[in-house]
């Protein structure tokens, strides 16, 4: 399953490959550091997303790029992520970003 979502601040793509979930958050702009901080909290066990998907997380890799962030989520054995709930987490997290500045 692939989920694409375009928002005011960032857009993302979720791809499920067997049990692994691959995420690419693009057009992060000035919110990149804030997103990396939020994703770092999830990596350290302090996720604030309004779902229970974190309970299924075995490991999370975060790879920042120029104007994007890639993530790889591995579930605990015997569990499977609900990509609609992962999308809800991303919506929640990206909604906290400051609006992008428009060039004059």
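The values are calculated or read from the model by the stated rules, or taken from the named source; none is laboratory data. Note that this is a predicted model, so its numbers are computed, not measured. Don't worry about glycine lacking a Cβ; one is built from the backbone with ideal geometry, like all the others, and counts go over all protein chains shown.
I want to confirm something. Restricting to region 46-59 and keeping residues that are outside any loop (DSSP other than H, G, I, E, B) and touching a helix residue (DSSP H, G or I) at 6+ places or on another chain (Cβ under 9 Å), which single residue is surrounded by the fewest Cβ atoms within 10 Å (Cβ to Cβ)? Only one residue tops the list, namely 59.
This table checks each residue for (1) on the phi > 0 side of the Ramachandran plot; (2) at pLDDT below 90; (3) touching a helix residue (DSSP H, G or I) at 6+ places or on another chain (Cβ under 6 Å); (4) crowded, with 17+ Cβ neighbours inside 10 Å.
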residue: 3; (1), (2), (3), (4): no, yes, yes, no
residue: 9; (1), (2), (3), (4): no, yes, yes, yes
residue: 17; (1), (2), (3), (4): no, yes, no, no
residue: 26; (1), (2), (3), (4): no, yes, no, no
residue: 32; (1), (2), (3), (4): no, yes, no, yes
residue: 37; (1), (2), (3), (4): no, no, no, no
residue: 41; (1), (2), (3), (4): no, yes, no, no
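If you go through region 60-85 and keep only what is part of a helix (DSSP H, G or I) and touching a strand residue (DSSP E or B) at 6+ places or on another chain (Cβ under 6 Å), you end up with just 83.
Of all the numbered requirements in (1) crowded, with 18+ Cβ neighbours inside 10 Å; (2) at pLDDT below 90, residue 86 misses one, and that requirement is (2).
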